[in-house]
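Here the structure comes first, spelled out in structure tokens, and everything after it is commentary.
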Amino acid sequence: LKPLDLITGINLRGSSPDSFVRVAEAFGEDVVYEIDAHCRQDPMVAAGSGEHYLKNPDELVAVIRALKAKKVAVSVKIRVGVAADDRVLVRKIWKAGADIIHVDLMDAGVTKLRQIRNSCPLLIIANNAITTFDRMREMLSHGADLVSLARQSDVDTLAGLDAAISRYADKEGWYNSPKQLCRGGDIRALTFCCMPVKECPLIPALTRIGISRDEYVRLKLETVKGTPLDSGPNTCFASLAWCCKTSSPCMFRDMTLAKEGLSKKEYMRRKRELSDTIMSRVFHDVPSDESS
Ligand SMILES: Cc1cc2nc3c(=O)[nH]c(=O)nc-3n(C[C@H](O)[C@H](O)[C@H](O)COP(=O)(O)O)c2cc1C
Ligand code: SF4
Ligand code: SF4
């Protein structure tokens, strides 16, 4: 696979840190090692692999740490609704040093995906019945960075999704932009949120992530300082820092963009940068009450 310019991932069932480490020693650093904490076949679970890890997260943490000690990229494939609390589980996976969460959402829908996005900063691959572009965008707009397909991973479906998301990214500038917070978006959507001046979903969201209103205001204004998002005297809150997504029509924002010579695509790209800064602040550390 090396000459094909692909990133290879290997999904591994195993029941001890050492068994994973031996595979990593054989294949080296060019491969992503995915710990299968997903398989529910009885013999696999009885052997201490697959879904066993979801109910015994400390063992999963030991495997992640052993692989990370080899300096390789680590993904963890989970199935939602098996662990005692998926939010606590993904935080443990994050704290142990994993790079990717690959999540089989079963029929739980995007609410679960949003919870996971709001609980950790890891790269998220969403999985289960994602066979159309609409479904793919639904996942990407609720926190997924990538999607995966298994049963319908035929060439036509994969090529169709690839072409559609490439077109979308080229036009919109942020391929996995979140929905606005009040329309069910995840916390990346703080980049599109207003000043905290009214009772709306922003206030409880800030409380949940432990950021005060003042800090939120400061963070956004300081991040956009000196950038084109700094302008916008005629917008609702006098700066594009508080402005909505391009999918929400707004004459005042669009007039500012035109005046600044900023395309909608570039505006969204800058909003993504603002979102990245907000996410770095939100996930600068694992809260101490969950650190064990
Ligand atoms: C025949 C078959 C074999 C599978 N083997 C694995 C496996 O080895 N490891 C794993 O994590 N998931 C495995 N899965 C689960 C899939 O990766 C995927 O999570 C599930 O099929 C839902 O995604 P889909 O709707 O795109 O098929 C397997 C699924 C099928 C149908
Ligand atoms: S601050 Fe604005 S965009 Fe954010 S949730 Fe409230 S009304 Fe919606
Ligand atoms: S000016 Fe338009 S885009 Fe900006 S916050 Fe107000 S309604 Fe949203």
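A few remarks follow.
- Two-site label geometry, Glu260 and Leu123: point separation in nm, points 7 Å out along Cα→Cβ: 3.0 nm
- The figure for Met251 is an accessible area of roughly 120 square angstrom, using a 1.4 Å probe on the protein chains alone.
- Of the solvent-accessible surface of the chain, computed with a 1.4 Å probe over protein heavy atoms with every protein chain present, carbon and sulfur atoms account for 53 percent.
- Rg/Rh for region 65-117, where both radii come from Cα atoms and Rh is the Kirkwood radius: 1.00
- The HN-Hα couplings worked out from phi for region 9-16 by the Karplus form 6.51 cos²θ - 1.76 cosθ + 1.60 (θ = phi - 60°) are x, 10, 8, 10, 9, x, 10, 8 Hz, whole numbers, x standing for Gly and Pro.
- With each label modelled as a point 7 angstrom along the Cα→C-beta vector, the Lys198-Cys236 pair spans 0.6 nm.
- The overall shape of region 1-83 is prolate: from the C-alpha gyration tensor, with semi-axes ordered a ≥ b ≥ c, the ratio a/c is 1.5 or greater and a/b exceeds b/c.
- Filtered trypsin sites (Lys or Arg not before Pro), region 202-292: DSSP coil and at most 16 other beta carbons within 10 Å: Lys225
- The value of relative contact order for region 181-290, using C-alpha pairs under 8 Å at least six residues apart, is 30 percent.
- Amide hydrogen proximity for Val147: with H placed 1.01 Å from N in the peptide plane, the residues at 5 or more positions away or on another chain lying under 5 Å are Ala126.
- Average Cα contact separation per residue, the chain, under 8 Å, 6 or more apart, as relative contact order %: 12 percent
- Rolling a 1.4 Å probe over the protein heavy atoms gives region 25-127 an accessible area of 41 Å² per residue.
- Residues listed by number, region 131-169, amide nitrogen under 14 Å from Ile7 label point at 7 Å toward C-beta: 145-148
- Using Cβ point charges alone (K and R +1, D and E -1), the dipole size of the chain about the Cα centre works out to roughly 780 debye.
- In a simple Cβ point-charge model (Lys, Arg +1; Asp, Glu -1; nothing else charged), region 181-290 has a dipole of about 500 debye relative to its Cα centre.
- Computed over region 181-290, the Cα gyration tensor eigenvalues convert (square root of 5λ each) into semi-axes of 25, 14, 12 Å, ordered from largest to smallest.
- Computed [θ] at 222 nm, helices only, for the chain once each DSSP H run of length n ≥ 4 contributes -39500 (n - 2.57): -13000 deg cm²/dmol
- As a length-normalised measure over Cα pairs under 8 Å and 6 or more apart, the relative contact order of region 2-172 settles at 15 percent.
- Summarised as an ellipsoid, the chain has semi-axes of 37, 22, 17 Å, derived from the eigenvalues of the Cα gyration tensor scaled by 5 and square-rooted, with the largest first.
- Legend: P(r) of region 2-172 from all alpha carbon pair distances, 5 Å bins from 0, whole percents, reading 1, 9, 17, 20, 20, 16, 11, 5, 1, 0.
- What the Cβ-Cβ distance of Arg87 and Asp276 gives, at R0 = 35 Å and to the nearest 0.05, is a FRET efficiency of 0.95.
- For region 181-290, the solvent-accessible area works out to 52 Å² per residue, with a probe of 1.4 Å and every protein chain left in place.
The values are calculated or read from the model by the stated rules, or taken from the named source; none is laboratory data. What you see is a predicted model; the values in this text were computed from it and never measured. Every residue, glycine among them, receives a Cβ derived from its backbone with ideal geometry; neighbour counts consider all protein chains shown. Quick note on the areas: whole protein, heavy atoms, side chains included, nothing else; ligands and nucleic acids left out. Shrake-Rupley method; radii C 1.70, N 1.55, O 1.52, S 1.80 Å.
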